[in-house]
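Presented below is the structure to which this report refers.
The values are calculated or read from the model by the stated rules, or taken from the named source; none is laboratory data. As the structure is a computational prediction, the values presented were derived from the model and not from experiment. So basically every Cβ, Gly included, is an ideal-geometry build from the backbone, and we count neighbours across all protein chains shown. Heads up: the accessible areas ignore ligands, DNA and RNA and are worked out on the full protein's heavy atoms, side chains in. Shrake-Rupley method; radii C 1.70, N 1.55, O 1.52, S 1.80 Å.
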Amino acid sequence: MKRTKVIGVLRDTEYGKKVCVKGWVRTHRSSKAVDFIALNDGSTITSVQVVVDPAAIGEEKLKLITTGSCICVVGTLVESPAQGQSSEIQCESIEIYGTCGADYPMQKKGQSFEYMRQHAHLRLRTNVFGAIMRIRHNMAMAIHTYFHEHGFFYFHTPLITASDCEGAGNMFQVTTKNLYDLKKDDDGKIIYDDDFFGQQTSLTVSGQLEGELGATALGAIYTFGPTFRAENSNTPRHLAEFWMVEPEVAFLNQEELMDLEEDFIKYCVRWALENCKEDLEFINNNKFITPQHDLIPRLEGVLKETFVRLPYTKGIEILQEAIKNGKKFEFPCNWGDDLASEHERYLVEEHFKKPVIMTDYPASIKAFYMKQNEAQGEGSVGYQGCVAPGPTMQGTDVLFPQIGEIIGGSVREESYEKLMAEIESRQMETDKLWWYLDTRKYGSCPHAGFGLGFERLILFVTGMQNIRDVIPFPRTPKNAEF
C-alpha cells in the first residue's frame, strides 16, 4: 500500500479510508483495553495518534514498540474525539522496521541541549530539532526565492582558494603533501611546487572577492554555501564550518545597500512567519527555549520597525553616554575600537529597541576593499554628514536583538589607485590578488555587497541560544564527530 506522510494524514478529512503511515515512535502508552502510539515521520511537528487493539496486534509485538522504534502502520483514518487533533488512525496492522532498547539516548525526558549535542546523529529525531531543521530548510528557500525574484543570479564561488579575503579569519589548509616529510627551502618555508595545486591553498573564509567578479559581469549575484574559519572560538556564536549568503551588486550605493539589507532580512522573517507557523508556535511555547514565550512577537516586531541607520561615531557617543550614566561594559568602546557584541546588543535591545544598521566604521578596523569616505580636515564625512575624527569606510552592518551583528556589508572601493594606496598602506602582498585588482583596471564600476551568516539568521528566527544547535552537525574546536 502506498505510504502517506503524516502531514498529509493530519490534513485529510476523508474519514473511513485506509491509510499507510511510516515513521518513528514518539510515545507509546499501553493498557489492557487499548494502546496509543504517537507516530512522526519528520514532515510536521505534530504526530499522528495510532489507536491499537492489543488483542488484534498482540501484546508481545507491542512490547517491542518503544520510543524511537521505526514502524509501518496500516489502518483506517477516523475523526479524533480527543482535543488538539482532528484525525487519528484505527490500527489494523503494524510492521516493525527497527526497535529501540532502553539505552536509546533520546528517551522522552528533559535532556539538555549540551547532552543532545553529544548525540547529534540522533537529536534530529526530537521535536525541537525537527522543528529547527524544517525552519532551516524554509530559510534557505526564502533566500533563493528572494534573490531569484529580484533578478539576482546564483553564483558558485570556489571552496578551495589561494586568497584569504584579507583578514576574514584564520584558514584551514588544503594539501596532498605528506605531512611527515615536508620539503622546505633554505629559509625553512614549505615548498608547494609538488603539491596538487602547485601553491599553498586553503578552505575559503568568504566567497566575496570572487562574487565581486560575478557582479561586474552579471550585474547582481549571490553566493550561498559553506565557509570555513580556523579560529579557536568556543562561544555560542562561532562555528568552524558555517554557511554564508553573500550578494554583490553593481551600481549600488551605500543608501541602496542598506535598503537591500533591510528588505532582504524582513523578507526572510516574513517567510518564516508565513511558512513555519506550527514549528514557530511549538518553539514559542517551549519554556526551555523561549521562557518568556516572546519569539513570535519578536519576529513580528522586526517587520513593523524601520531599522535605525546609525553612524559608528554617533553609536560611540551613545555608548559613552551610557557609561557616564552607570552602564557597565566588559570591553572598552572608544572611537576606533571594534565594538563587542555587548555594545551592539545595548544599542539594539536597550537604547533603540529595534534593529540597527551601523555605518561608517573607522578604516583601521575594516577590510582593505571598503570604500573610504571623503576626508574633511583631520577626519571624514560619512553617512548623513556625520563627521568622524579619523578616516572611515562605508560599512553597513546590521545589528539584531539577541544576536548582535547578523549582516556585515559595505560599498567596495572601485578605484584602482585608491585600492592600491590602501593595500600599500597596510603593507599587504598583492601577488595573489592580481586577478581581483584587474577588475579595477578593466571596466571598473561602483558596487556593493554584504555577507549574512546563515546560522545567525536561524538563531534569531528560532530563538535558540547556541549556534551549535541550528546546524545539523556542528564543527567547532576539538569537535568533528558525525
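Phi angles across the range 181-192 convert, under the Karplus curve 6.51 cos²θ - 1.76 cosθ + 1.60 with θ = phi - 60°, into 3J(HN,Hα) values of 8, 8, 7, 10, 7, 5, 8, x, 8, 5, 8, 9 Hz, Gly and Pro given as x. The dipole here belongs to the range 1-58: it is taken about the Cα centre, uses +1 on the Cβ of Lys and Arg and -1 on the Cβ of Asp and Glu, and is about 160 debye.
For the range 177-264, the Cβ-based charge dipole about the Cα centre amounts to some 500 debye (Lys, Arg positive; Asp, Glu negative; other atoms uncharged).
In the chain, the DSSP-assigned H stretches of four residues or longer account for a calculated mean residue ellipticity at 222 nm of -8500 deg cm²/dmol, using -39500 (n - 2.57) per stretch and the full residue count as denominator. By the combined test of axial Cα extent (at least 30 Å) and Kyte-Doolittle hydropathy (mean at least 0.0), the qualifying DSSP H helices of the chain come to 127-149.
For the chain, the fraction of 1.4 Å probe accessible surface lying on carbon and sulfur atoms is 50 percent. For the range 343-398, the alpha-carbon coordinates run over 34, 21, 16 Å along the three principal axes, in decreasing order. At 1.4 Å probe size, with no ligands or nucleic acids counted, give the accessible surface of Asp263 in Å², nearest ten. Accessible area of Asp263: about 80 Å². Derived scalar couplings between HN and Hα for the range 76-86 equal 9, 7, 10, 6, 8, x, 7, 6, x, 8, 8 Hz in order, rounded to whole Hz, by the Karplus curve 6.51 cos²θ - 1.76 cosθ + 1.60 (θ = phi - 60°), x for Gly and Pro.
Assigning unit charges at the beta carbon (Lys, Arg +1; Asp, Glu -1) and nothing else, what dipole magnitude in debye, to the nearest 20, does the chain show about its Cα centre?
2160 debye
A straight chain from Ala33 to Asp263 at 0.36 nm per residue would run longer than the Cα-Cα distance by 77.1 nm.
When the Cα positions of Phe460, Pro389, Trp434 are compared along the charge dipole of the range 374-482, Phe460 comes out farthest toward the positive end, with charges on each C-beta of Lys, Arg, Asp and Glu. Counted over the chain, the DSSP beta bridges are approximately 90% antiparallel. The heavy atoms of Tyr15 offer some 90 square angstrom of accessible surface to a 1.4 angstrom probe. Placing unit charges on each Cβ (+1 for Lys and Arg, -1 for Asp and Glu) gives the chain a dipole about its Cα centre, and among Leu62, Ser364, Ala448 the Cα reaching farthest toward its positive end belongs to Leu62. Here the range 124-177 and the range 180-203 have alpha carbon centers that stand 29 Å from each other. Scattering from the C-alpha atoms of the range 234-377 alone, worked out with Debye: what is log10 I(q)/I(0) at q = 0.10, 0.17, 0.19 1/Å? Each listed q maps to, in turn, -0.48, -1.29, -1.44. 3J(HN,Hα) along the range 342-354, derived from phi through the Karplus expression 6.51 cos²θ - 1.76 cosθ + 1.60 where θ = phi - 60°, amounts to 5, 5, 4, 6, 4, 4, 7, 8, 10, 7, 8, 6, 6 Hz, with x in place of Gly and Pro. When only alpha carbons are used to place a centre, the range 407-476 and the range 1-77 end up 50 Å from one another.
Can you give the FRET efficiency to the nearest 0.05 for Glu14 and Lys432, using r as the Cβ-Cβ distance and R₀ = 51 Å? Intermediate results must be reported in sequence, preceding the final value.
Working: r = 64 Å, r/R0 = 1.25.
For Glu14 and Lys432, the calculated efficiency is 0.20.
Surface exposure of the range 375-482, expressed per residue as accessible area with a 1.4 Å probe, stands at 41 Å².
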